[in-house]
Each structure stands twice: as structure tokens, then as C-alpha cells.
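Asks: Following this message is one structure expressed as C-alpha cells.
The values are calculated or read from the model by the stated rules, or taken from the named source; none is laboratory data. As the structure is a computational prediction, the values presented were derived from the model and not from experiment. Note that each Cβ is placed from the backbone with ideal geometry, even for glycine, and that neighbours are counted across all protein chains shown.
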């Protein structure tokens with residue numbers, strides 16, 4: 001379409017076709033609405049980049065029925081690390097997916113693009129955003145594609161376009177934080193001398209790590225605690241990486257046939273607001289940090305699982321104010337990731353005076369409570385959102401456990417109930433009160449009645465589409481007012497039904 005072409009109307013335009021943008025597209029595709037993804041690259045890069053999917057990300061993929069596509073042939077790691085200390089025991093966490101699933105980003109992108117296309121989401125590759133107008137009624141994006149420049153008008157626009165986000169800049173959203181103070185490189189290369197398993201070491205000259213990718217292909221990481229010697233986007237030569245590894249480890253590493261080389265740093269910044277009018281940010285566009293523990297990709301996917309259902313609800317008639325909860329809920333999570341990655345890097349510093357602190361921290365990690373706290377933080381299994389009405393129940397606002405219930409004579413789980421991407425109200429009370437209270441909202445959520453398989457399952461509970469518990473009742477004798485308030489808060493006001501005209 002040329003620059004004189006007619007504007008095209010969309011409900012949501014997503015700028016960026018990486019894992020975060022494609023996951024958002026997949027979430028939006030579950031509900032009615034016109035969704036467009038704009039990706040500047042004409043073809044997928046094929047680069048492995050991020051490697052690990054954490055427990056909470058694995059759960060949300062399971063909630064959508066996508067996990068089998070990711071797990072086939074993927075290695076499982078039951079251990080995690082904090083500041084390079086591989087002491088976190090993921091297997092002791094609550095849930096079924098207590099591990100990291102090692103899936104290269106290229107495969108994650110391919111699976112999510114396939115999913116988005118299955119849901120009839122339009123994806124335009126080789127189309128680059130150049131300008132946007134964030135108006136009171138719509139966002140107008142100027143795009144350059146293979147056939148020239150054109151403009152698109154949409155109700156909302158989401159920037160999933162990475163740490164150098166043009167969406168963030170054009171929307172005028174501040175990105176405060178600190179610049180990078182380290183010189184770091186990584187590469188996927190073939191090694192003649194194959195190390196055993198994953199390895200991350202604090203050395204005299206910095207930090208060195210390897211991750212097996214299959215056969216003699218390894219991810220090699222070298223971090224020097226000195227100011228960057230090149231721009232973040234400057235190409236990396238294999239000889240440059242080899243020299244860095246030599247300075248860090250004081251040893252030669254025989255590397256050959258690089259598949260991918262890149263630079264990174266410890267710049268730590270977070271968008272001041274995740275929403276500005278009709279423009280929103282997610283993933284690296286909203287937060288960047290040192291890549292300790294592989295939290296970046298996972299946090300981004302969890303951002304859009306939070307945003308997707310809310311955006312779909314607003315597109316389909318819910319109050320616009322629902323979108324404000326996206327910033328309220330996800331900004332603190334992003335801030336905590338920035339904080340913990342800074343703490344990890346500080347503990348990796350090779351200066352001798354850091355050694356005693358690191359040793360003490362390693363000793364503390366041997367305590368189960370400390371180990372669990374750090375593991376839940378890195379995996380985001382402990383994320384808890386506010387509920388309306390407020391509740392002090394330990395499960396309120398948390399991710400739902402994988403409870404088993406019997407529905408129509410067949411066993412199912414809470415994970416399977418969330419496959420549709422709709423809210424779910426589970427009523428195990430054998431009474432009419434819950435169903436009667438929820439009746440006005442049944443066009444927006446699923447009501448499921450059944451019997452629990454275990455005694456720990458509450459009598460009734462309301463799940464948001466992202467799998468967080470919005471309301472629950474331990475007893476069949478529940479107050480319908482609290483359920484009504486929760487339904488109104490997350491699924492919009494009950495429709496007003498007009499009374500029939502009186503007979504004359």
C-alpha cells in the first residue's frame with residue numbers, strides 16, 4: 001500500500017514480532033478483534049538468543065495448551081543459579097513445572113508465530129514503524145514497508161520492540177536508569193574441548209560461562225568489569241571474544257564456526273509508565289537489565305499474559321480503566337527484576353573484597369527458606385496481584401495451583417480450564433448462590449460446576465484469564481457481595497437489562 005492509500009482500522013497494532021509480541025498476538029487472537037503485528041525483519045533471525053523458559057512461563061504456556069509444542073525434545077534443568085552460584089533447587093518449588101525448560105528463542109518465536117497465524121492474526125514482516133500519533137480516540141502509526149509508506153489507525157498500540165524501543169521514544173515515555181558499566185560478549189560457537197554441563201564461574205578477570213546447546217555447540221559468555229569498549233550494536237569478531245575469555249580466565253579457549261555473536265551490558269532502565277494513553281509497552285521496551293538468570297524473556301512473556309486478556313476485554317466492551325491495572329501490577333515486577341539482577345552482578349564482581357560477601361550469601365542459600373525465596377523470585381512463581389475486594393487469604397491474587405476436579409464425570413485440571421483464555425468461575429458448592437450471582441457475567445467467563453478431587457480445593461473460586469485467583473470461598477456459605485465485586489472489577493459492570501414495557 002502506498003502513502004496515498006486508505007487507512008486500515010485495527011483494534012490493536014503490535015510493534016515487534018519477537019516472542020513477547022507474538023505471545024501478545026496469540027493472547028489477543030483468542031478473543032474477537034482485529035490484530036496486526038508489525039515486524040521490521042523480513043525473515044526470522046534464527047538466532048538462539050534467550051535459552052530458558054522459567055517455571056511460571058512454562059505454566060502459562062500449559063494454561064493455553066501450548067506446552068507440548070515447546071517441551072518436545074527440550075532439555076529440563078532442575079537447578080537454577082543466583083549470581084552464578086548454581087544452588088537454587090527448583091524441584092522443591094510448589095507446582096508441577098518445577099524446572100527450567102531449555103528452548104532457544106528462535107524456536108519460541110517459530111511456535112508462537114505459528115500459533116498467532118492459527119488464530120488469524122495478521123503478521124507483516126519487513127514493515128517498520130517510523131512515526132505515531134497517540135490521540136484521544138486512536139493511535140495513528142506511520143509505517144514503511146516493501147511497497148512504500150502508509151498509515152494505520154488502531155484503537156491501541158503496544159510496543160514490544162525491544163530495549164531501544166521506537167514506540168517508547170515516539171510516545172514520550174521516560175526510561176530512567178543507569179548506563180552499562182561492564183564489557184560483555186556472548187556467542188554460540190563450536191568448541192573442540194567440550195566442558196561438562198552448564199558452567200558459570202567468577203574468575204580473577206571477570207565472569208566466564210558456557211551452556212551446552214547440543215553436540216559441540218555451546219553458548220560462551222565473557223564478562224569484564226570495565227567500561228564498554230564498543231557500542232552495544234557493534235559486531236563482535238570471534239578473535240575479540242577469544243581475547244576477552246583469555247583476560248577473564250587466563251586460559252585459551254579453542255572456539256570455531258560461530259553461529260551467533262553479540263554484546264550485552266548491565267544497563268538497567270525501566271519505563272516510568274507502562275501505559276500512556278492508547279500506547280502500552282511490554283518486554284524489553286518496558287525494562288532492560290543485566291541478563292542474570294534469563295529473566296528478561298520470561299518477564300516479557302508474563303507482561304503480555306497480564307496485558308493480553310485485559311486489552312481483549314476492553315476491545316470487546318469492558319471499561320478502559322481495566323488497562324491501568326497493567327502498569328499497577330507489572331511495573332513492580334519489572335522493578336524487582338531490575339533490582340535482583342543488579343544484586344547478582346554485584347556478587348559476581350571479581351574484586352577480592354566481594355569474596356567474603358559472596359561466601360556468606362552462598363551459605364545463606366543453603367537454608368531452605370532462603371533458597372525457596374530466591375528461586376520463587378527468579379521464576380516469578382511468587383508474584384501476587386491485588387484483589388478486589390481485598391483479601392488476606394494466602395491464595396488470593398496468586399497463580400492458581402493445578403487443582404484437579406471432576407466435571408460431567410470426567411477429571412480435568414485448572415490448567416485445562418484456562419485453555420480458552422477466558423475467565424473461569426469454578427463452583428463446587430452444590431448450591432445455586434454462586435451461579436445466580438455470576439449469571440449476568442456469563443457472556444464473559446465460563447461457569448464450571450463439579451466436585452473436587454482433593455480436600456484442599458476451595459468450595460468456589462474465580463480465575464482471571466491469566467490464571468491468577470481473583471476470588472475464592474472456602475465454605476459453600478459464601479457472601480455473594482464479594483463475588484459480585486470481584487466480577488465487576490475484572491469483567492466489567494453487569495449489563496443493564498431493560499424491563500418489559502407495562503401493558504396499557
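Asks: Can you pull out every residue in region 181-204 that is modelled with pLDDT of 95 or more, in contact with a strand residue (DSSP E or B) (Cβ under 7 Å, 6 or more places away or on another chain) and closer than 26 Å to residue 289 by Cα?
Replies: 182, 183, 184, 185, 186, 187, 188, 189
Asks: I would also like to ask the following. Out of region 142-160, which residues are closer than 19 Å to residue 42 by Cα and in contact with a helix residue (DSSP H, G or I) (Cβ under 9 Å, 6 or more places away or on another chain)?
Replies: 159, 160
Asks: Looking for whichever is crowded, with 21+ Cβ neighbours inside 10 Å, under 21 Å from residue 60 (Cα atoms) and touching a residue at least 60 places away in the same chain (Cβ under 8 Å) here; the options are 395, 462, 374. Which one fits?
Replies: When all the criteria are applied, what remains is 374.
Asks: Regarding residue 302, is this residue surrounded by fewer than 24 Cβ atoms within 10 Å (Cβ to Cβ), touching a residue at least 12 places away in the same chain (Cβ under 8 Å), touching a helix residue (DSSP H, G or I) at 6+ places or on another chain (Cβ under 8 Å) and not assigned by the TED database to the domain that holds residue 202?
Replies: For residue 302, the condition - surrounded by fewer than 24 Cβ atoms within 10 Å (Cβ to Cβ), touching a residue at least 12 places away in the same chain (Cβ under 8 Å), touching a helix residue (DSSP H, G or I) at 6+ places or on another chain (Cβ under 8 Å) and not assigned by the TED database to the domain that holds residue 202 - is not met.
Asks: Return the total of residues in region 402-441 being out of contact with any strand residue (DSSP E or B) (no Cβ under 8 Å at 6 or more places or on another chain) and closer than 19 Å to residue 306 by Cβ.
Replies: 3
Asks: Specify which of the listed residues (284, 257, 324, 328) is assigned to a strand (DSSP E or B) and either over 28 Å from residue 58 (Cβ atoms) or in contact (Cβ under 8 Å) with a residue 40 or more places away in the chain (or both).
Replies: 257
Asks: Return only the number of the condition from (1) modelled with pLDDT of 95 or more; (2) over 24 Å from residue 158 (Cα atoms); (3) surrounded by fewer than 21 Cβ atoms within 10 Å (Cβ to Cβ) that residue 4 does not satisfy.
Replies: Condition not satisfied by residue 4: (1).
Asks: Given region 183-242, what strands (runs of 3 or more DSSP E) lie entirely inside it while holding 1 or more residues that are outside the structural domain of residue 102 (by the TED database), at positive phi and surrounded by 12 or more Cβ atoms within 10 Å (Cβ to Cβ)?
Replies: Where strands (runs of 3 or more DSSP E) fall fully within region 183-242 and carry at least 1 residues being outside the structural domain of residue 102 (by the TED database), at positive phi and surrounded by 12 or more Cβ atoms within 10 Å (Cβ to Cβ), they are 206-214.
Asks: Among the listed residues 305, 333, 337, 383, which satisfies the condition of being under 15 Å from the mean Cα position of the chain (by Cα) and in a loop (DSSP other than H, G, I, E, B)?
Replies: Step by step, each of 305, 333, 337, 383 is checked, and only 383 is under 15 Å from the mean Cα position of the chain (by Cα) and in a loop (DSSP other than H, G, I, E, B).
Asks: Still on this structure: Among residues belonging to region 470-487 that are modelled with pLDDT of 95 or more and under 15 Å from residue 456 (Cα atoms), point out the one that is nearest to the chain's Cα centre (by Cα).
Replies: Applying the filter and picking the extreme gives 472.
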